[in-house]
Amino acid sequence: GIEFIDSYVFNKVEDIRFNSTVGRYVGYTEHGVKNAEAWNSDAGILGQEQAQLERFCKTNADISYSAILDKT
């Protein structure tokens, strides 16, 4: 399957990450955990990540998969 990860880094430390496999944000710092809780409760923000998954990952995966099939 395809996994889409969107990381947010502050001062060279990963603060928060959206992971499409779990479908939500995960915080890695105290600030990140607070943001993750807020962002996970906001359907609009989660919807933006899902839209990116559809727009970028699945489209590019389909193109790559077609190119592999054409070569076999």
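The values are calculated or read from the model by the stated rules, or taken from the named source; none is laboratory data. Being a predicted model, the structure only gives us computed values, none of them experimental. Note that we place each Cβ from the backbone using ideal geometry, even for glycine, and neighbour counts take in every protein chain shown. Ligands, DNA and RNA are excluded from the accessible area calculation, which covers all protein heavy atoms including side chains. Shrake-Rupley method; radii C 1.70, N 1.55, O 1.52, S 1.80 Å.
For this structure, a couple of remarks:
- Test: ARG24 is at pLDDT 80 or above and open to solvent by 80 Å² or more (accessible area, probe 1.4 Å): yes
- Scope the stretch 1-31; condition assigned to a strand (DSSP E or B) and either of a type in the set (D, E, K, R) or over 12 Å from GLU49 (Cα atoms) (or both); matching residues: ASP6, TYR8, VAL9, PHE10, VAL13, GLU14, ASP15, ILE16, ARG17, ARG24, VAL26, GLY27
- Cβ-Cβ under 6 Å pairs, at least 6 apart or on other chains, the stretch 39-52 side on the phi < 0 side of the Ramachandran plot, far side open to solvent by 40 Å² or more (accessible area, probe 1.4 Å) and not aromatic (Phe, Trp, Tyr): TRP39/ILE45; ASN40/ARG24
- The conditions of being surrounded by 14 or more Cβ atoms within 10 Å (Cβ to Cβ) and more than 13 Å from the chain's Cα centre (by Cα) are met by GLU14.
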